[in-house]
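Here's the structure, in structure tokens; my notes come after.
The values are calculated or read from the model by the stated rules, or taken from the named source; none is laboratory data. It should be emphasised that the depicted structure is a prediction, and the values quoted were computed from it without experimental measurement. A quick note on method: Cβ atoms are made from the backbone with ideal geometry, for glycine too, and the neighbour counts reach across all protein chains shown. The accessibility values were calculated without ligands, DNA or RNA, using every heavy atom of the protein model including side chains. Shrake-Rupley method; radii C 1.70, N 1.55, O 1.52, S 1.80 Å.
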Amino acid sequence: MIFRNKIAARIRKKIINPYLKKKNHNHNFTIISSNCNGGVIYSDLGEQFRSPTINLYIKPSDFLNFVSDLKNYLSEEIMEVETEHNYPVGKLKDIYIYFMHYRSFQEAKMKWDERKQRVNYEDIYIMMTDRDGFTEKDRERFQKLDYKNKVLFVHGRTKLPDEVFVKGYEKEKCVGYLSEYKNILGIRKFDCFNYLEWLNEEDENV
């Protein structure tokens, strides 16, 4: 598995990412993501992180609260909280943010504060998955979010707007880690969704 992932990562870096970068025309977007998927997309496209939601995850109910009042939440200072986790956790008003890829809260807060200043509120994209305790109530709330550009990755077939069915998780209770490689050819699991077309849609309509 490790060898396969190394080959996949090399192909992604040498072949797929250069193609994606060439085709991308949107260089000022903000992806607000409930987990690492948004950050991986930024990295693959070689774009600056114009979002604070990088290398972290937020549980569904908290994430929906966050994006429902984004400017207000981002105007508040994030505070450190003690938990049983072996990585830093922050609290922003009434929601918790899990910085699982950071060594310290100080590092996480510095990056959060730096990146939230780059948010482009005129070009927001919401990205969420049906994991980490996601419920049908969360699904209903997601559908009601007042954002033109939003996507929810789900483990079952769907006809609801702004939802993308990810094959392979039909017998599971949620989707898995979608930034993982699907095969040795460098295809990630979230590549079932054409995020490049999603990000470039406004540009193409001009």
Cα→Cβ-extended label distance, 7 Å offset, between Lys6 and Gln143, nm: 4.7
Karplus-derived HN-Hα couplings along segment 148-158 (A = 6.51, B = -1.76, C = 1.60, θ = phi - 60°), whole Hz, x at Gly and Pro: 5, 10, 8, 9, 10, 7, 10, 8, x, 4, 8
FRET efficiency for Glu180 and Met100, using Cβ-Cβ distance with R0 set to 22 Å, rounded to 0.05: 0.90
Cut-off 11 Å between beta-carbons: net charge of the residues surrounding Asn65, Lys and Arg +1, Asp and Glu -1: -1
Calculated over the chain: convex hull of Cα atoms, volume per residue (Å³): 135
Mean Cα-pair separation over length for the chain, i.e. relative contact order, pairs under 8 Å, 6 or more apart, %: 24
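Taking only C-alpha pairs under 8 Å that are 6+ residues apart, what is the relative contact order of segment 111-206 in percent?
Reported relative contact order: 20 percent.
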Most mobile of Gly176, Gly133, Gly90 in a GNM of the chain (Cα contacts under 10 Å): Gly133
Under 5 Å, built H, 5+ apart or other chain: amide partners of Glu80: Lys91
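Let me check I've understood the local charge: for Lys91, count other residues with C-beta under 12 angstrom from its C-beta, Lys and Arg +1, Asp and Glu -1. What total comes out?
With Lys, Arg at +1 and Asp, Glu at -1, the neighbours total -4.
Over segment 74-155, average the accessible area per residue using a 1.4 Å probe and give it in Å², no decimals.
Values: 4490 Å² over 82 residues.
Here the per-residue accessible area is 55 Å².
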Solvent-accessible surface (1.4 angstrom probe) belonging to Glu114, in square angstrom, nearest 10: 80
Nonlocal amide H pairs with Val151, under 5 Å, H built at 1.01 Å: Ile126, Met127, Met128
Percent of C-alpha pairs per 5 Å bin, segment 22-122, short to long: 2, 13, 24, 27, 18, 9, 4, 2, 0
Qualifying chymotrypsin sites (Phe, Trp or Tyr not before Pro) for segment 122-205 [loop in DSSP, other Cβ within 10 Å: at most 16]: Tyr147, Tyr177
The chain, helix-only ellipticity at 222 nm - DSSP H runs n ≥ 4, -39,500 (n - 2.57), divided by all residues, nearest 500: -10000 deg cm²/dmol
Pairs of Cα atoms farther than 14 Å apart, segment 121-206, %: 67
Met100 long-range amide H proximity, modeled H, under 5 Å: Tyr57
Two-site label geometry, Glu114 and Asn55: point separation in nm, points 7 Å out along Cα→Cβ: 0.9
HN-Hα J in Hz across segment 159-167 - Karplus 6.51, -1.76, 1.60, θ = phi - 60°, x for Gly and Pro: 10, 6, x, 6, 10, 10, 7, 9, 5
Within segment 123-154, trypsin sites (Lys or Arg not before Pro) in DSSP loop having at most 13 other beta-carbon neighbours inside 10 Å: Lys148
Taking segment 71-141 and dividing mean pair separation by its residue count, relative contact order in percent (alpha carbons under 8 Å, at least six apart): 18
Cα pair distances exceeding 18 angstrom across segment 68-148, given as percent: 54
